[in-house]
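Take a look at the structure below.
The values are calculated or read from the model by the stated rules, or taken from the named source; none is laboratory data. This structure is a prediction, so every number in the text was calculated from the model and none was measured. Glycine gets a Cβ as well: all are built from the backbone with ideal geometry, and neighbour counts include every protein chain shown.
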Amino acid sequence: MSSESNVSITCRSMDTLSTISRSVYQRQPPPSKSSSTGSSKKRSSSRHHQKQKRKSNKSFPWPLLLLSVAVFQVFKLEIKSPLLYQTLRSTSTPLVKKYYTSKKIYVPPSLDVASQRRLSLDLGNGKCEWTPPTYRVPDSVDFHKTIIAGFPSGDKRMIFVQMEALTGWPAKDEWDFENLGISNHPFIKANYPHHEGIWGWGNVGDQVVLMVRNIRRSLVEYHDILWDIGYAKTWEDASLNLQNLYKEAPPIEDFFAWRDERVIEEIQWYGWFIDYWMEGGLMRDMFTHKITTPEHWNMLMMPTVYTLAELDYDLVVGDREVTPSYDPHCSNGDVTDGCAPKAVISAEKLRDYTEGPLETAKIANTLHNDARMGQYVIAQEAWDCIWEELIQKGKGLKTVYQRPGFIEDNYNFSAEMLMSMVQQLDRLIGKYGGSEWNTKETANRIVELLVEHRALVQTELNEVTSGMRKLGEKDFLGPKERRRMLKAKEKEEQEEEKQQQQLDNVGDGKAVTKKKKKRKLKDSNQYFDRKARLANAQKKRKRRDMRRQRKEAKNEGDAAP
(Lines give C-alpha, C1' and ligand atoms only; values in the text may rest on other atoms or scores of the structure.)
Protein backbone atom coordinates (compact mmCIF):
# COMPACT_ATOMS: atom_id res chain seq x y z
CA MET A 1 0.00 0.00 0.00
CA SER A 2 1.38 3.42 -0.88
CA SER A 3 2.20 6.09 1.68
CA GLU A 4 -0.45 8.39 0.13
CA SER A 5 -3.22 5.86 0.73
CA ASN A 6 -1.98 5.32 4.29
CA VAL A 7 -2.12 9.07 4.94
CA SER A 8 -5.56 9.29 3.34
CA ILE A 9 -6.94 6.43 5.41
CA THR A 10 -5.37 7.86 8.57
CA CYS A 11 -6.89 11.30 7.96
CA ARG A 12 -10.32 9.89 7.17
CA SER A 13 -10.20 7.68 10.25
CA MET A 14 -9.19 10.62 12.43
CA ASP A 15 -11.99 12.79 10.96
CA THR A 16 -14.49 10.00 11.60
CA LEU A 17 -13.33 9.57 15.19
CA SER A 18 -13.55 13.33 15.72
CA THR A 19 -17.14 13.22 14.48
CA ILE A 20 -17.86 10.37 16.88
CA SER A 21 -16.35 12.34 19.75
CA ARG A 22 -18.35 15.47 18.97
CA SER A 23 -21.57 13.48 18.57
CA VAL A 24 -21.14 11.75 21.91
CA TYR A 25 -20.15 14.75 24.00
CA GLN A 26 -22.59 17.26 22.38
CA ARG A 27 -25.62 14.99 22.64
CA GLN A 28 -28.45 16.54 24.66
CA PRO A 29 -31.21 14.62 26.50
CA PRO A 30 -34.74 14.86 24.93
CA PRO A 31 -37.33 17.06 26.65
CA SER A 32 -39.54 15.36 29.19
CA LYS A 33 -43.01 14.18 28.09
CA SER A 34 -44.83 16.07 30.84
CA SER A 35 -43.29 19.37 29.86
CA SER A 36 -44.25 18.85 26.24
CA THR A 37 -47.87 17.99 27.13
CA GLY A 38 -48.30 20.96 29.47
CA SER A 39 -47.13 23.49 26.92
CA SER A 40 -49.33 22.05 24.14
CA LYS A 41 -52.52 22.66 26.14
CA LYS A 42 -51.73 26.37 26.49
CA ARG A 43 -51.40 27.04 22.77
CA SER A 44 -53.68 27.12 19.78
CA SER A 45 -54.02 24.13 17.49
CA SER A 46 -51.91 25.70 14.69
CA ARG A 47 -49.16 26.78 17.04
CA HIS A 48 -49.43 23.43 18.72
CA HIS A 49 -48.85 21.67 15.40
CA GLN A 50 -45.76 23.77 14.56
CA LYS A 51 -44.29 23.32 18.03
CA GLN A 52 -44.78 19.60 17.96
CA LYS A 53 -43.05 19.43 14.57
CA ARG A 54 -40.07 21.37 15.90
CA LYS A 55 -39.87 19.18 19.00
CA SER A 56 -40.17 16.08 16.88
CA ASN A 57 -37.17 17.21 14.86
CA LYS A 58 -35.20 17.91 18.02
CA SER A 59 -36.02 14.58 19.60
CA PHE A 60 -34.96 12.63 16.51
CA PRO A 61 -31.69 10.78 17.41
CA TRP A 62 -29.43 12.59 14.95
CA PRO A 63 -26.27 11.98 17.06
CA LEU A 64 -27.04 8.25 17.13
CA LEU A 65 -27.50 8.23 13.37
CA LEU A 66 -24.21 10.09 12.83
CA LEU A 67 -22.48 7.70 15.19
CA SER A 68 -23.81 4.72 13.24
CA VAL A 69 -22.65 6.22 9.93
CA ALA A 70 -19.22 6.95 11.40
CA VAL A 71 -18.85 3.39 12.72
CA PHE A 72 -19.87 2.04 9.33
CA GLN A 73 -17.27 4.22 7.57
CA VAL A 74 -14.51 3.16 9.96
CA PHE A 75 -15.49 -0.48 9.51
CA LYS A 76 -15.44 -0.03 5.73
CA LEU A 77 -11.97 1.53 5.83
CA GLU A 78 -10.68 -1.18 8.15
CA ILE A 79 -11.80 -3.87 5.70
CA LYS A 80 -9.86 -2.16 2.92
CA SER A 81 -6.77 -1.57 5.07
CA PRO A 82 -6.10 -4.42 7.57
CA LEU A 83 -5.07 -3.16 10.98
CA LEU A 84 -3.61 -4.66 14.11
CA TYR A 85 -6.02 -6.74 16.14
CA GLN A 86 -4.90 -6.12 19.68
CA THR A 87 -6.00 -5.33 23.23
CA LEU A 88 -6.32 -1.74 24.29
CA ARG A 89 -2.84 -0.25 24.77
CA SER A 90 -1.39 0.49 28.20
CA THR A 91 -1.21 4.18 27.29
CA SER A 92 -5.02 4.49 27.53
CA THR A 93 -6.61 6.46 30.35
CA PRO A 94 -7.65 4.56 33.50
CA LEU A 95 -11.34 5.21 32.78
CA VAL A 96 -11.15 3.72 29.29
CA LYS A 97 -8.99 0.82 30.47
CA LYS A 98 -11.52 0.02 33.19
CA TYR A 99 -14.35 -0.09 30.67
CA TYR A 100 -12.49 -2.04 27.99
CA THR A 101 -10.62 -4.49 30.22
CA SER A 102 -10.21 -7.83 28.41
CA LYS A 103 -12.12 -6.44 25.40
CA LYS A 104 -10.41 -6.55 22.00
CA ILE A 105 -10.57 -3.77 19.46
CA TYR A 106 -9.02 -2.78 16.17
CA VAL A 107 -6.45 -0.02 16.64
CA PRO A 108 -4.71 1.41 13.56
CA PRO A 109 -0.92 1.76 14.03
CA SER A 110 -1.18 5.28 12.61
CA LEU A 111 -3.58 6.26 15.44
CA ASP A 112 -1.86 4.32 18.22
CA VAL A 113 0.60 6.36 20.28
CA ALA A 114 2.73 3.35 21.26
CA SER A 115 3.14 2.26 17.63
CA GLN A 116 4.01 5.78 16.53
CA ARG A 117 6.94 5.80 18.92
CA ARG A 118 8.29 2.46 17.73
CA LEU A 119 7.88 2.54 13.94
CA SER A 120 10.53 4.20 11.77
CA LEU A 121 8.92 7.49 10.83
CA ASP A 122 8.44 8.51 7.20
CA LEU A 123 8.82 12.31 7.32
CA GLY A 124 8.14 12.74 3.60
CA ASN A 125 10.37 13.87 0.74
CA GLY A 126 12.72 10.94 1.31
CA LYS A 127 13.38 11.85 4.96
CA CYS A 128 12.86 9.54 7.91
CA GLU A 129 13.70 8.92 11.53
CA TRP A 130 14.72 5.49 12.84
CA THR A 131 13.03 4.25 15.99
CA PRO A 132 13.22 0.78 17.61
CA PRO A 133 10.68 -1.85 16.51
CA THR A 134 7.82 -2.88 18.76
CA TYR A 135 9.17 -5.95 20.56
CA ARG A 136 5.78 -7.13 21.79
CA VAL A 137 4.22 -8.97 18.84
CA PRO A 138 0.46 -9.72 18.94
CA ASP A 139 -0.33 -13.36 18.21
CA SER A 140 -3.32 -12.43 16.07
CA VAL A 141 -1.41 -10.61 13.30
CA ASP A 142 -1.07 -12.70 10.14
CA PHE A 143 2.52 -12.17 8.92
CA HIS A 144 4.35 -13.55 5.90
CA LYS A 145 7.49 -14.57 7.80
CA THR A 146 11.08 -14.48 6.52
CA ILE A 147 13.95 -16.77 7.54
CA ILE A 148 17.35 -15.04 7.31
CA ALA A 149 19.78 -17.92 6.78
CA GLY A 150 23.55 -17.53 6.68
CA PHE A 151 26.84 -19.15 7.64
CA PRO A 152 27.67 -18.25 11.27
CA SER A 153 29.00 -14.69 11.47
CA GLY A 154 27.68 -11.30 12.49
CA ASP A 155 26.05 -10.29 9.23
CA LYS A 156 22.58 -11.80 9.54
CA ARG A 157 22.06 -9.27 12.31
CA MET A 158 22.76 -6.46 9.84
CA ILE A 159 20.03 -7.79 7.53
CA PHE A 160 17.33 -8.33 10.14
CA VAL A 161 18.06 -4.89 11.61
CA GLN A 162 17.24 -3.50 8.16
CA MET A 163 14.00 -5.50 8.11
CA GLU A 164 13.08 -4.25 11.57
CA ALA A 165 13.65 -0.64 10.55
CA LEU A 166 11.72 -1.03 7.29
CA THR A 167 8.64 -2.56 8.95
CA GLY A 168 8.69 -1.75 12.68
CA TRP A 169 8.50 -5.46 13.61
CA PRO A 170 11.23 -7.44 15.43
CA ALA A 171 13.36 -10.52 14.65
CA LYS A 172 14.03 -13.57 16.82
CA ASP A 173 16.86 -16.12 16.88
CA GLU A 174 16.31 -19.80 16.06
CA TRP A 175 17.60 -20.86 19.49
CA ASP A 176 15.15 -18.52 21.22
CA PHE A 177 12.32 -20.19 19.30
CA GLU A 178 13.63 -23.57 20.44
CA ASN A 179 14.14 -22.69 24.10
CA LEU A 180 11.61 -19.91 24.77
CA GLY A 181 8.80 -21.19 22.59
CA ILE A 182 7.13 -20.34 19.29
CA SER A 183 6.02 -16.73 18.92
CA ASN A 184 4.66 -14.52 16.14
CA HIS A 185 7.94 -12.75 15.27
CA PRO A 186 8.00 -12.19 11.49
CA PHE A 187 11.81 -12.41 11.03
CA ILE A 188 13.80 -15.53 12.01
CA LYS A 189 17.62 -15.56 12.20
CA ALA A 190 19.06 -18.99 11.39
CA ASN A 191 22.45 -20.73 11.21
CA TYR A 192 20.80 -24.07 10.39
CA PRO A 193 21.95 -26.59 9.10
CA HIS A 194 25.36 -25.58 10.51
CA HIS A 195 26.05 -27.25 13.84
CA GLU A 196 25.82 -23.83 15.53
CA GLY A 197 22.15 -23.67 14.48
CA ILE A 198 18.90 -25.53 15.07
CA TRP A 199 15.54 -25.67 13.30
CA GLY A 200 13.75 -24.20 16.28
CA TRP A 201 10.91 -22.30 14.58
CA GLY A 202 8.80 -25.33 13.64
CA ASN A 203 6.63 -24.67 10.58
CA VAL A 204 6.01 -20.93 10.98
CA GLY A 205 8.44 -19.76 8.25
CA ASP A 206 7.15 -18.67 4.85
CA GLN A 207 10.19 -17.69 2.77
CA VAL A 208 14.01 -17.77 2.95
CA VAL A 209 16.57 -15.02 2.38
CA LEU A 210 20.17 -16.26 2.07
CA MET A 211 22.97 -14.07 3.42
CA VAL A 212 26.33 -14.63 1.68
CA ARG A 213 29.55 -13.12 2.99
CA ASN A 214 33.21 -13.38 2.01
CA ILE A 215 34.42 -16.79 3.20
CA ARG A 216 37.60 -15.39 4.71
CA ARG A 217 35.79 -12.73 6.72
CA SER A 218 33.07 -15.15 7.82
CA LEU A 219 35.64 -17.41 9.47
CA VAL A 220 37.22 -14.52 11.37
CA GLU A 221 33.93 -13.18 12.69
CA TYR A 222 32.63 -16.68 13.49
CA HIS A 223 35.46 -17.16 15.94
CA ASP A 224 35.08 -13.65 17.40
CA ILE A 225 31.43 -14.36 18.25
CA LEU A 226 32.41 -17.66 19.88
CA TRP A 227 34.96 -15.76 21.95
CA ASP A 228 32.29 -13.20 22.95
CA ILE A 229 30.02 -15.92 24.37
CA GLY A 230 32.85 -17.83 26.06
CA TYR A 231 32.92 -20.70 23.53
CA ALA A 232 29.52 -21.72 24.94
CA LYS A 233 28.21 -25.15 23.98
CA THR A 234 24.65 -24.69 25.29
CA TRP A 235 21.92 -22.10 24.77
CA GLU A 236 21.88 -21.29 28.49
CA ASP A 237 25.62 -20.54 28.60
CA ALA A 238 25.42 -18.48 25.40
CA SER A 239 22.48 -16.44 26.76
CA LEU A 240 24.47 -15.47 29.85
CA ASN A 241 27.17 -13.95 27.64
CA LEU A 242 25.03 -12.22 24.98
CA GLN A 243 25.71 -8.85 26.59
CA ASN A 244 29.36 -9.30 25.58
CA LEU A 245 28.61 -9.38 21.83
CA TYR A 246 30.75 -6.89 19.87
CA LYS A 247 31.92 -5.11 23.06
CA GLU A 248 35.62 -5.59 22.45
CA ALA A 249 38.08 -7.16 20.06
CA PRO A 250 39.22 -10.59 21.27
CA PRO A 251 42.93 -11.13 21.89
CA ILE A 252 44.54 -12.58 18.79
CA GLU A 253 46.16 -15.22 20.99
CA ASP A 254 42.72 -16.69 21.76
CA PHE A 255 42.30 -17.50 18.10
CA PHE A 256 45.25 -19.88 17.91
CA ALA A 257 43.84 -23.08 19.35
CA TRP A 258 40.51 -22.88 17.60
CA ARG A 259 41.51 -21.94 14.08
CA ASP A 260 44.16 -24.55 13.30
CA GLU A 261 41.78 -27.27 14.41
CA ARG A 262 38.60 -25.98 12.80
CA VAL A 263 39.20 -23.61 9.89
CA ILE A 264 40.02 -26.24 7.27
CA GLU A 265 36.78 -28.05 8.15
CA GLU A 266 34.73 -24.85 8.21
CA ILE A 267 35.89 -23.97 4.69
CA GLN A 268 34.15 -27.13 3.46
CA TRP A 269 31.08 -26.39 5.59
CA TYR A 270 30.81 -22.92 4.06
CA GLY A 271 30.15 -24.38 0.59
CA TRP A 272 27.96 -27.16 2.01
CA PHE A 273 25.78 -24.53 3.73
CA ILE A 274 25.18 -22.64 0.47
CA ASP A 275 24.36 -25.90 -1.35
CA TYR A 276 21.80 -26.88 1.28
CA TRP A 277 19.68 -23.78 0.87
CA MET A 278 20.17 -23.29 -2.88
CA GLU A 279 19.11 -26.91 -3.52
CA GLY A 280 16.10 -26.68 -1.21
CA GLY A 281 17.41 -28.92 1.57
CA LEU A 282 19.07 -31.67 -0.51
CA MET A 283 21.13 -33.93 1.78
CA ARG A 284 24.87 -33.83 1.00
CA ASP A 285 28.05 -34.81 2.79
CA MET A 286 29.74 -31.65 4.05
CA PHE A 287 33.26 -32.83 3.21
CA THR A 288 32.93 -34.57 -0.18
CA HIS A 289 29.72 -32.69 -1.19
CA LYS A 290 28.29 -35.95 -2.49
CA ILE A 291 24.57 -36.73 -2.15
CA THR A 292 24.22 -38.77 1.01
CA THR A 293 21.74 -40.96 2.89
CA PRO A 294 19.35 -39.87 5.68
CA GLU A 295 21.35 -42.05 8.08
CA HIS A 296 24.61 -40.27 7.28
CA TRP A 297 22.85 -36.89 7.27
CA ASN A 298 21.56 -37.42 10.80
CA MET A 299 25.09 -38.21 11.93
CA LEU A 300 26.41 -35.05 10.26
CA MET A 301 23.84 -33.04 12.22
CA MET A 302 25.62 -34.15 15.43
CA PRO A 303 29.31 -33.38 14.78
CA THR A 304 30.11 -33.15 18.49
CA VAL A 305 28.87 -36.73 18.98
CA TYR A 306 30.89 -38.37 16.19
CA THR A 307 34.54 -38.00 15.25
CA LEU A 308 35.64 -37.06 11.74
CA ALA A 309 36.71 -40.64 11.17
CA GLU A 310 33.26 -41.91 12.15
CA LEU A 311 31.61 -39.43 9.77
CA ASP A 312 33.76 -40.46 6.80
CA TYR A 313 31.58 -40.83 3.69
CA ASP A 314 33.28 -43.99 2.44
CA LEU A 315 32.86 -45.61 5.84
CA VAL A 316 29.15 -44.78 6.31
CA VAL A 317 27.86 -44.73 2.72
CA GLY A 318 30.54 -46.47 0.70
CA ASP A 319 29.95 -47.36 -2.96
CA ARG A 320 26.21 -48.00 -2.74
CA GLU A 321 23.84 -46.09 -4.99
CA VAL A 322 22.24 -43.18 -3.15
CA THR A 323 18.74 -41.90 -3.91
CA PRO A 324 18.51 -38.11 -3.43
CA SER A 325 16.76 -37.23 -0.18
CA TYR A 326 15.67 -33.89 1.24
CA ASP A 327 15.65 -32.59 4.76
CA PRO A 328 12.17 -33.43 6.15
CA HIS A 329 11.77 -29.79 7.20
CA CYS A 330 11.87 -28.86 3.53
CA SER A 331 10.08 -31.84 2.00
CA ASN A 332 7.23 -31.68 4.56
CA GLY A 333 6.46 -28.03 3.86
CA ASP A 334 7.75 -26.45 7.07
CA VAL A 335 8.60 -23.42 4.90
CA THR A 336 5.50 -22.35 2.98
CA ASP A 337 7.30 -21.14 -0.15
CA GLY A 338 10.03 -23.82 0.01
CA CYS A 339 13.58 -23.84 1.39
CA ALA A 340 15.18 -22.38 -1.76
CA PRO A 341 15.92 -18.68 -1.12
CA LYS A 342 13.82 -15.93 -2.67
CA ALA A 343 16.76 -13.54 -2.54
CA VAL A 344 20.52 -13.53 -1.87
CA ILE A 345 21.79 -10.56 0.16
CA SER A 346 25.39 -9.39 0.54
CA ALA A 347 26.45 -7.93 3.89
CA GLU A 348 29.57 -6.37 2.34
CA LYS A 349 27.51 -4.54 -0.27
CA LEU A 350 25.08 -3.43 2.41
CA ARG A 351 28.01 -1.63 4.06
CA ASP A 352 29.20 -0.11 0.78
CA TYR A 353 28.38 3.62 0.49
CA THR A 354 27.66 3.27 -3.23
CA GLU A 355 25.80 -0.05 -3.42
CA GLY A 356 24.38 -0.14 0.11
CA PRO A 357 21.04 1.58 -0.62
CA LEU A 358 20.44 -0.84 -3.50
CA GLU A 359 20.90 -3.76 -1.09
CA THR A 360 18.36 -2.22 1.29
CA ALA A 361 15.96 -1.96 -1.66
CA LYS A 362 16.48 -5.69 -2.38
CA ILE A 363 15.53 -6.48 1.21
CA ALA A 364 12.43 -4.26 1.07
CA ASN A 365 11.30 -5.73 -2.26
CA THR A 366 11.63 -9.24 -0.83
CA LEU A 367 9.34 -8.27 2.04
CA HIS A 368 6.86 -7.05 -0.58
CA ASN A 369 6.57 -10.62 -1.95
CA ASP A 370 3.41 -10.96 0.11
CA ALA A 371 0.94 -8.22 1.06
CA ARG A 372 0.72 -9.53 4.62
CA MET A 373 4.23 -8.21 5.22
CA GLY A 374 4.40 -5.66 2.43
CA GLN A 375 1.69 -3.53 4.02
CA TYR A 376 4.06 -2.71 6.89
CA VAL A 377 7.07 -1.70 4.75
CA ILE A 378 7.81 2.01 4.90
CA ALA A 379 7.29 4.06 1.71
CA GLN A 380 9.88 3.45 -1.03
CA GLU A 381 11.06 7.06 -1.00
CA ALA A 382 12.30 6.51 2.59
CA TRP A 383 14.34 3.34 1.90
CA ASP A 384 17.57 5.23 1.23
CA CYS A 385 17.01 7.18 4.43
CA ILE A 386 16.62 3.94 6.41
CA TRP A 387 19.98 2.79 5.04
CA GLU A 388 21.60 6.08 6.07
CA GLU A 389 20.12 5.88 9.57
CA LEU A 390 21.45 2.35 10.14
CA ILE A 391 24.75 2.32 8.25
CA GLN A 392 26.01 5.89 8.14
CA LYS A 393 24.64 7.02 11.50
CA GLY A 394 25.03 3.63 13.24
CA LYS A 395 21.55 3.51 14.76
CA GLY A 396 19.85 0.25 15.71
CA LEU A 397 21.31 -2.87 17.32
CA LYS A 398 25.05 -3.13 17.68
CA THR A 399 26.65 -5.09 14.80
CA VAL A 400 30.05 -6.58 14.04
CA TYR A 401 31.22 -3.37 12.37
CA GLN A 402 30.77 -1.47 15.63
CA ARG A 403 33.16 -3.75 17.52
CA PRO A 404 35.94 -1.58 19.02
CA GLY A 405 39.23 -2.20 17.27
CA PHE A 406 37.53 -4.14 14.47
CA ILE A 407 40.05 -4.64 11.67
CA GLU A 408 39.60 -7.91 9.78
CA ASP A 409 43.04 -7.69 8.19
CA ASN A 410 44.67 -8.15 11.61
CA TYR A 411 44.51 -11.86 10.83
CA ASN A 412 46.56 -13.45 8.05
CA PHE A 413 45.99 -16.85 6.46
CA SER A 414 48.59 -19.31 5.25
CA ALA A 415 48.81 -20.37 1.61
CA GLU A 416 47.40 -23.76 2.63
CA MET A 417 44.18 -22.23 3.94
CA LEU A 418 43.82 -19.65 1.18
CA MET A 419 44.23 -22.34 -1.48
CA SER A 420 41.49 -24.37 0.20
CA MET A 421 39.21 -21.31 0.08
CA VAL A 422 39.92 -20.71 -3.60
CA GLN A 423 39.17 -24.35 -4.42
CA GLN A 424 35.84 -24.17 -2.58
CA LEU A 425 34.87 -20.94 -4.33
CA ASP A 426 35.86 -22.40 -7.72
CA ARG A 427 33.57 -25.36 -7.06
CA LEU A 428 30.60 -23.16 -6.18
CA ILE A 429 31.14 -20.74 -9.07
CA GLY A 430 31.41 -23.58 -11.55
CA LYS A 431 28.29 -25.26 -10.20
CA TYR A 432 25.94 -22.27 -10.04
CA GLY A 433 27.30 -20.71 -13.19
CA GLY A 434 26.49 -23.86 -15.20
CA SER A 435 23.57 -24.36 -17.56
CA GLU A 436 21.47 -26.08 -14.89
CA TRP A 437 21.48 -22.99 -12.71
CA ASN A 438 22.34 -19.87 -14.71
CA THR A 439 18.71 -19.08 -15.56
CA LYS A 440 17.90 -18.48 -11.90
CA GLU A 441 18.33 -15.00 -10.44
CA THR A 442 19.53 -16.27 -7.07
CA ALA A 443 22.20 -18.50 -8.70
CA ASN A 444 23.47 -15.58 -10.78
CA ARG A 445 23.71 -13.47 -7.63
CA ILE A 446 25.67 -16.22 -5.88
CA VAL A 447 28.14 -16.34 -8.78
CA GLU A 448 28.43 -12.53 -8.89
CA LEU A 449 29.32 -12.34 -5.19
CA LEU A 450 31.64 -15.35 -5.07
CA VAL A 451 33.64 -14.16 -8.09
CA GLU A 452 34.36 -10.93 -6.20
CA HIS A 453 35.27 -12.86 -3.05
CA ARG A 454 37.58 -15.20 -4.98
CA ALA A 455 39.48 -12.25 -6.46
CA LEU A 456 40.16 -10.89 -2.98
CA VAL A 457 41.29 -14.26 -1.64
CA GLN A 458 43.48 -14.88 -4.70
CA THR A 459 45.18 -11.50 -4.22
CA GLU A 460 46.01 -12.39 -0.64
CA LEU A 461 47.27 -15.83 -1.72
CA ASN A 462 49.59 -14.19 -4.25
CA GLU A 463 50.94 -11.86 -1.57
CA VAL A 464 51.64 -14.79 0.76
CA THR A 465 53.33 -17.00 -1.83
CA SER A 466 55.46 -14.11 -3.13
CA GLY A 467 56.60 -13.15 0.37
CA MET A 468 54.95 -9.71 0.26
CA ARG A 469 52.73 -10.72 3.17
CA LYS A 470 54.80 -12.10 6.04
CA LEU A 471 53.28 -14.74 8.29
CA GLY A 472 53.88 -15.07 12.00
CA GLU A 473 52.95 -17.67 14.58
CA LYS A 474 49.84 -15.65 15.44
CA ASP A 475 48.36 -16.00 11.95
CA PHE A 476 46.03 -18.63 10.42
CA LEU A 477 48.71 -21.13 9.50
CA GLY A 478 46.94 -24.44 9.22
CA PRO A 479 48.41 -27.76 10.34
CA LYS A 480 51.16 -28.02 7.70
CA GLU A 481 52.41 -24.46 7.93
CA ARG A 482 52.19 -24.55 11.72
CA ARG A 483 54.40 -27.66 11.95
CA ARG A 484 56.91 -26.21 9.49
CA MET A 485 57.13 -22.99 11.48
CA LEU A 486 57.44 -24.85 14.80
CA LYS A 487 60.29 -26.97 13.43
CA ALA A 488 62.07 -23.86 12.22
CA LYS A 489 61.57 -22.23 15.61
CA GLU A 490 62.81 -25.35 17.41
CA LYS A 491 65.96 -25.36 15.32
CA GLU A 492 66.51 -21.68 16.08
CA GLU A 493 66.06 -22.30 19.80
CA GLN A 494 68.58 -25.14 19.70
CA GLU A 495 71.15 -22.79 18.21
CA GLU A 496 70.39 -20.18 20.86
CA GLU A 497 70.70 -22.84 23.58
CA LYS A 498 74.17 -23.83 22.36
CA GLN A 499 75.25 -20.20 22.45
CA GLN A 500 73.79 -19.81 25.93
CA GLN A 501 75.67 -22.87 27.18
CA GLN A 502 78.92 -21.42 25.95
CA LEU A 503 78.24 -18.17 27.79
CA ASP A 504 76.85 -19.79 30.91
CA ASN A 505 79.28 -22.37 32.28
CA VAL A 506 77.14 -22.96 35.34
CA GLY A 507 74.46 -24.61 33.21
CA ASP A 508 71.62 -24.13 35.66
CA GLY A 509 70.47 -20.67 34.55
CA LYS A 510 66.80 -19.87 34.25
CA ALA A 511 67.11 -19.13 30.55
CA VAL A 512 68.22 -22.70 29.77
CA THR A 513 65.45 -24.21 31.92
CA LYS A 514 62.83 -22.02 30.21
CA LYS A 515 63.95 -23.08 26.73
CA LYS A 516 63.78 -26.76 27.67
CA LYS A 517 60.16 -26.29 28.70
CA LYS A 518 59.38 -24.60 25.38
CA ARG A 519 60.79 -27.55 23.44
CA LYS A 520 58.25 -29.84 25.09
CA LEU A 521 55.48 -27.93 23.30
CA LYS A 522 56.72 -28.53 19.78
CA ASP A 523 53.58 -30.46 18.80
CA SER A 524 51.07 -27.89 17.51
CA ASN A 525 47.99 -29.61 18.92
CA GLN A 526 49.42 -29.78 22.44
CA TYR A 527 50.65 -26.20 22.22
CA PHE A 528 47.32 -24.73 21.16
CA ASP A 529 45.23 -26.96 23.39
CA ARG A 530 47.15 -25.44 26.28
CA LYS A 531 46.50 -21.95 24.91
CA ALA A 532 42.78 -22.69 24.71
CA ARG A 533 42.67 -24.00 28.29
CA LEU A 534 44.43 -20.89 29.58
CA ALA A 535 42.07 -18.60 27.66
CA ASN A 536 38.98 -20.42 28.93
CA ALA A 537 40.30 -20.41 32.50
CA GLN A 538 40.87 -16.66 32.25
CA LYS A 539 37.32 -16.05 31.00
CA LYS A 540 35.88 -18.27 33.78
CA ARG A 541 37.77 -16.28 36.40
CA LYS A 542 36.47 -13.07 34.86
CA ARG A 543 32.87 -14.30 34.91
CA ARG A 544 33.29 -15.52 38.51
CA ASP A 545 34.55 -12.08 39.56
CA MET A 546 31.64 -10.38 37.79
CA ARG A 547 29.09 -12.62 39.55
CA ARG A 548 30.74 -11.98 42.91
CA GLN A 549 30.69 -8.21 42.32
CA ARG A 550 27.01 -8.29 41.35
CA LYS A 551 26.19 -10.36 44.43
CA GLU A 552 28.10 -7.98 46.71
CA ALA A 553 26.38 -4.98 45.13
CA LYS A 554 22.97 -6.63 45.62
CA ASN A 555 23.74 -7.44 49.26
CA GLU A 556 24.82 -3.83 49.88
CA GLY A 557 21.58 -2.61 48.29
CA ASP A 558 19.48 -4.95 50.44
CA ALA A 559 21.32 -3.87 53.57
CA ALA A 560 20.76 -0.16 52.89
CA PRO A 561 17.89 1.43 54.89
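Sub-6 Å Cβ pairs linking a first residue in segment 440-461 that is closer than 21 Å to Tyr276 by Cα to a second residue that is among the small types (Gly, Ala, Ser) and surrounded by 15 or more Cβ atoms within 10 Å (Cβ to Cβ), at least 6 apart or interchain, are Val447/Gly433; Leu449/Ser346, ordered by first then second residue.
When segment 454-496 is filtered for residues that are crowded, with 17+ Cβ neighbours inside 10 Å and closer than 20 Å to Gln424 by Cα, the ones remaining, listed by number, are Arg454, Val457, Glu460, Leu461, Val464, Phe476, Leu477, Gly478, Glu481. Taking the criterion of being within 18 Å of the chain's Cα centre (by Cα) and either farther than 16 Å from Phe143 by Cβ or among the hydrophobic types (A, V, I, L, M, F, W, C) (or both), the residues of segment 366-380 that qualify are Leu367, Met373, Val377.
Could you please let me know if Pro561 is outside any helix (DSSP H, G or I) and at pLDDT below 70?
On the way: outside any helix (DSSP H, G or I): yes; at pLDDT below 70: yes.
Criteria met by Pro561.
Looking at Val447, Val457, Val400, Val422, which is the one that is of a type outside the set (D, E, K, R), at pLDDT below 95 and in contact with a helix residue (DSSP H, G or I) (Cβ under 6 Å, 6 or more places away or on another chain)?
Result of the check over Val447, Val457, Val400, Val422: Val400.
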